[in-house]
Every structure is written in C-alpha cells, then in structure tokens.
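The values are calculated or read from the model by the stated rules, or taken from the named source; none is laboratory data. Predicted model only: the values in this text are computed from it and were never measured. Don't worry about glycine lacking a Cβ; one is built from the backbone with ideal geometry, like all the others, and counts go over all protein chains shown.
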Amino acid sequence: MSSTRFDPILLHRKHFVDEISCLDEIFDFLDEWPEDKRGLAYDTLLKACRDAATGRFPLSAARENFRRFLKMSGVLAKVEGGPKFDGLMNHQIGNA
C-alpha cells in the first residue's frame, strides 16, 4: 500500500472532525465502514484506491472519488474560517 500524502479531506466522525490525508488512511476508513452500508459506490472507491496504491490510477482522482463518497454519505465536513495549523506538528516543543 502507498502512504502517498495529499491535501487533507475533512469528515465528521461522531462528535468531532477528522482528516484523511493519505491512501493508508482511506483504506483504514473503508475497513471501518459498516458492511450494511457498502454498495457499488464503496466497491468502486475501494478499487480506485487499490489501483492508486499500485500506480494504475491517479492519486488525485482517488482522493476526489473519496471526497465524493464522503459527500454522498453525508459525512464530508466543511470547516471554514478556522485557524490554519499546517506545519505546527513538525516543530518541536521548546524551539522558538
């Protein structure tokens, strides 16, 4: 599997907003998706992600398909106006 990163997609998970930013995280999300909610859209997305992991499908297209799947499922989050924390996790505590 590929851990190739992409621009994060935000989604609702119970009482918080989560982000998915790589194929491995998409696969984890799909593994947790309830079996009774799986169907053609789920199967198509899973195939696209598997193909992206092997280089037979563009990562950007797999990301977009995942975003559409979340939107169709009603869990795509839109967070606007919040602070940007990009790169903060890369800094060590105590470094100024």
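If you go through the stretch 1-44 and keep only what is touching a residue at least 40 places away in the same chain (Cβ under 8 Å) and basic (K, R), you end up with just R13. The set of residues in the stretch 25-53 being more than 22 Å from K78 (Cα to Cα) and surrounded by 10 or more Cβ atoms within 10 Å (Cβ to Cβ) consists of R38, D43, T44, L46, K47, A48, C49, R50, D51, A52, A53.
Meeting the requirement of 2 or more residues that are modelled with pLDDT of 95 or more and within 11 Å of the chain's Cα centre (by Cα), the helices (runs of 4 or more DSSP H) wholly within the stretch 1-74 are 23-32, 59-73. Within the stretch 45-74, the set of residues being more than 12 Å from F6 (Cα to Cα), without any contact (Cβ under 8 Å) to a residue 24 or more places away in the chain and among the aliphatic types (A, V, I, L, M) comprises L46, A48.
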